[in-house]
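Read the structure below first, then the notes.
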Amino acid sequence: MKKVFKILGWLLLIGLVVIQFFRPEKNLQKGISANHISTKYAIPADVNPILEKACYDCHSNNSRYPWYYNIQPVGIWMDDHIKEGKNGLNFSEYTNKRLRYQYHKMEEIIEVLDEGAMPIDSYTWTHKDAVLTPEEKSKLKTWAQSIMDNLESKYPIDSLKRPNPPPPQK
């Protein structure tokens, strides 16, 4: 039995060494993209630092990477979080989306802040500065609402909101 554990231990060690040679591509884009949210909507000076510390690492094309990203499988796990975050909302590609999408994402920002669902716990464990204060949440929600108001002032509301499904027929 000891021999089996010894072999498994060596296989695990070899696997951990081999996986160090397989690294995901980093999510790094120089500068602000042509479709970044800031190219169409103003980001107040007091909101931008909040987005940078709590949102952009997972919700843009430019992530900051801690030293432990270079240790696999941690880097692979983090890369998966970034891809998932960008799939849900990517501020770098925001204006490239339909108006309904843009409007809905601002609704979602307000909702997840009210629920305390963002930033996620696994991010704030290692990024204590990303834990949002009630004042920071309020600033983000006011900013998101201002974008929704901006869209509502320019476009018919039925083009922005998802239609409610018809009630079930009896």
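Pairing residues of region 130-155 that are hydrophobic (A, V, I, L, M, F, W, C) with residues that are assigned to a loop (DSSP other than H, G, I, E, B), at Cβ distances under 6 Å and at least 6 apart in sequence or on separate chains, gives A130/P119; W143/V47; I147/Y41. Whether a residue is farther than 30 Å from N150 by Cα, modelled with pLDDT of 70 or more, touching an Asp or Glu at 6+ places or on another chain (Cβ under 8 Å) and in a loop (DSSP other than H, G, I, E, B) was assessed, and R23 does not pass this test.
Filtering region 141-153 down to residues that are out of contact with any helix residue (DSSP H, G or I) (no Cβ under 8 Å at 6 or more places or on another chain) and open to solvent by 60 Å² or more (accessible area, probe 1.4 Å), which residue is nearest to K53 (Cα to Cα)?
So the first thing to find is which residues in region 141-153 are out of contact with any helix residue (DSSP H, G or I) (no Cβ under 8 Å at 6 or more places or on another chain), and the list is 142-143, 146, 149-150, 153.
So of that shortlist, the ones also open to solvent by 60 Å² or more (accessible area, probe 1.4 Å) come out as 142, 149, 153.
Working: T142: 18, D149: 25, S153: 30 Å.
Filtering region 141-153 for residues that are out of contact with any helix residue (DSSP H, G or I) (no Cβ under 8 Å at 6 or more places or on another chain) and open to solvent by 60 Å² or more (accessible area, probe 1.4 Å), the one nearest to K53 (Cα to Cα) comes out as T142.
Candidates in region 96-140 are the residues that are of a type in the set (V, I, T) and open to solvent by 30 Å² or more (accessible area, probe 1.4 Å); of these, the one that is modelled with the highest pLDDT is I110. Exactly one residue among K105, K141 is under 30 Å from Y65 (Cα atoms), in a helix (DSSP H, G or I) and touching an Asp or Glu at 6+ places or on another chain (Cβ under 8 Å), and that residue is K141. Within region 104-116, residues that are of a type in the set (G, A, S) have Cβ atoms under 9 Å from residues that are assigned to a helix (DSSP H, G or I) and open to solvent by 40 Å² or more (accessible area, probe 1.4 Å) in these pairs: G116/K137, counting only partners at least 6 apart in sequence or on another chain.
Do we find that L160 is out of contact with any Asp or Glu (no Cβ under 6 Å at 6 or more places or on another chain), surrounded by 14 or more Cβ atoms within 10 Å (Cβ to Cβ), farther than 17 Å from E52 by Cα and modelled with pLDDT under 75 in this structure? Explain how you work it out, then say what you get.
Working: out of contact with any Asp or Glu (no Cβ under 6 Å at 6 or more places or on another chain): yes; surrounded by 14 or more Cβ atoms within 10 Å (Cβ to Cβ): yes; farther than 17 Å from E52 by Cα: yes; modelled with pLDDT under 75: yes.
Considered against the rule, which asks whether it is out of contact with any Asp or Glu (no Cβ under 6 Å at 6 or more places or on another chain), surrounded by 14 or more Cβ atoms within 10 Å (Cβ to Cβ), farther than 17 Å from E52 by Cα and modelled with pLDDT under 75, L160 comes out as yes.
Y65 passes every criterion in (1) open to solvent by less than 40 Å² (accessible area, probe 1.4 Å); (2) not in a helix (DSSP H, G or I) apart from (1).
Mind counting the residues in region 68-81 that are of a type in the set (A, V, I, L, M, F, W, C), part of a helix (DSSP H, G or I) and surrounded by fewer than 17 Cβ atoms within 10 Å (Cβ to Cβ)?
Here is the first cut: in region 68-81, the ones of a type in the set (A, V, I, L, M, F, W, C) are 71, 74, 76-78.
Adding the requirement that they be part of a helix (DSSP H, G or I) leaves 74, 76-78.
So of that shortlist, the ones also surrounded by fewer than 17 Cβ atoms within 10 Å (Cβ to Cβ) come out as 74, 76-77.
Total meeting the criteria: 3.
So for region 82-89 (the condition being open to solvent by less than 70 Å² (accessible area, probe 1.4 Å), in contact with a His (Cβ under 6 Å, 6 or more places away or on another chain) and either part of a loop (DSSP other than H, G, I, E, B) or acidic (D, E) (or both)), does at least one residue qualify? Yes; the residues of region 82-89 include at least one that is open to solvent by less than 70 Å² (accessible area, probe 1.4 Å), in contact with a His (Cβ under 6 Å, 6 or more places away or on another chain) and either part of a loop (DSSP other than H, G, I, E, B) or acidic (D, E) (or both).
The values are calculated or read from the model by the stated rules, or taken from the named source; none is laboratory data. Remember, it's a predicted structure, so these values are computed and weren't measured experimentally. Ideal geometry is used to build each Cβ from the backbone, glycine not excepted, and the neighbour counts take in all protein chains shown. Only protein heavy atoms, including side chains, enter the accessible area calculation; ligands, DNA and RNA are left aside. Shrake-Rupley method; radii C 1.70, N 1.55, O 1.52, S 1.80 Å.
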